[in-house]
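Peer 1: Handing you a structure now.
The values are calculated or read from the model by the stated rules, or taken from the named source; none is laboratory data. Since the structure is predicted, the reported quantities are computational estimates derived from the model, not experimental observations. Cβ: placed from backbone, ideal geometry, glycine included. Neighbour counts: every protein chain shown.
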């Protein structure tokens, strides 16, 4: 016991943290602001500067995940240690909104997937385009084209192709045979267009499964 006290005193004297304690402490990112030049940065909860003021455009972080905008326009997710993790799908001039605990990310293959607020990729990037999760499912497109709808080229639509459906685990529950993304949500009910008819998603999936069987 005496030897343990001596080790702790020695570590404190040289401002050294035991590795296990330091690893447990690096958990959070905090947005910092400097008024004199209106710039932002990040520090972690140990007080370490992760992104200096003004180096990048920084967004309000989740507790353990930050977002920076690179000069070329990509938004990158970073850890509390400053490690760059992956590109984030951009929506409304910033990182994608959180929906049902996840947001859309972009892999090195330029495909889309989903990650959570800890930076863990929960659905690997394999889609040309995919909508946010809602009511426990998301719609993905194959064969469509991304077309800008304004002169700034900030907003786009997916034209053509067909839409399929995945659940929150990334499992395909409907092949890409639908004609549209959701027209509207009514509580837990989702309405879409299939074979030029408006119907609930559940009905469309049932028809498609019956057709596949036959």
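Peer 1: Just a yes or no: is a residue in the stretch 113-123 part of a loop (DSSP other than H, G, I, E, B) and over 16 Å from residue 66 (Cα atoms)?
Peer 2: Scanning the stretch 113-123 turns up no residue that is part of a loop (DSSP other than H, G, I, E, B) and over 16 Å from residue 66 (Cα atoms).
Peer 1: Just checking, does the stretch 143-152 include any residue being in contact with a helix residue (DSSP H, G or I) (Cβ under 8 Å, 6 or more places away or on another chain) and either touching a residue at least 60 places away in the same chain (Cβ under 8 Å) or not in a strand (DSSP E or B) (or both)? Don't jump to the end; show me each part of the working.
Peer 2: We begin by selecting, within the stretch 143-152, every residue in contact with a helix residue (DSSP H, G or I) (Cβ under 8 Å, 6 or more places away or on another chain); these are none.
No, the stretch 143-152 contains no residue that is in contact with a helix residue (DSSP H, G or I) (Cβ under 8 Å, 6 or more places away or on another chain) and either touching a residue at least 60 places away in the same chain (Cβ under 8 Å) or not in a strand (DSSP E or B) (or both).
Peer 1: Can you tell me which of (1) in contact (Cβ under 8 Å) with a residue 12 or more places away in the chain; (2) touching a strand residue (DSSP E or B) at 6+ places or on another chain (Cβ under 8 Å); (3) more than 18 Å from residue 64 (Cβ to Cβ) is the one residue 156 doesn't meet?
Peer 2: (1)
Peer 1: OK, next. Determine whether residue 165 is at pLDDT 90 or above and touching a helix residue (DSSP H, G or I) at 6+ places or on another chain (Cβ under 9 Å).
Peer 2: Criteria met by residue 165.
Peer 1: Residues that are under 15 Å from residue 121 (Cβ atoms) and either out of contact with any strand residue (DSSP E or B) (no Cβ under 8 Å at 6 or more places or on another chain) or at pLDDT 95 or above (or both): which strands (runs of 3 or more DSSP E) entirely in the stretch 63-105 hold 2 or more of them?
Peer 2: 75-78, 84-88
Peer 1: When the residues of the stretch 190-211 are narrowed to those that are exposed (fewer than 15 other Cβ atoms within 10 Å of the Cβ) and closer than 26 Å to residue 113 by Cβ, which ends up farthest from the chain's Cα centre (by Cα)?
Peer 2: Ranking the qualifying residues of the stretch 190-211, first place goes to 209.
Peer 1: With 50, 60 as the choices, which residue is in a strand (DSSP E or B) and modelled with pLDDT of 95 or more?
Peer 2: Answer to the check: 50.
Peer 1: List every residue pair whose Cβ atoms sit under 7 Å apart, with the two residues 6 or more apart in sequence or on different chains, where the first one lies in the stretch 181-199 and is on the phi > 0 side of the Ramachandran plot and at pLDDT below 85 and the second, anywhere, is surrounded by 13 or more Cβ atoms within 10 Å (Cβ to Cβ) and outside any strand (DSSP E or B).
Peer 2: Every condition considered, the pairs that remain are 196/179.
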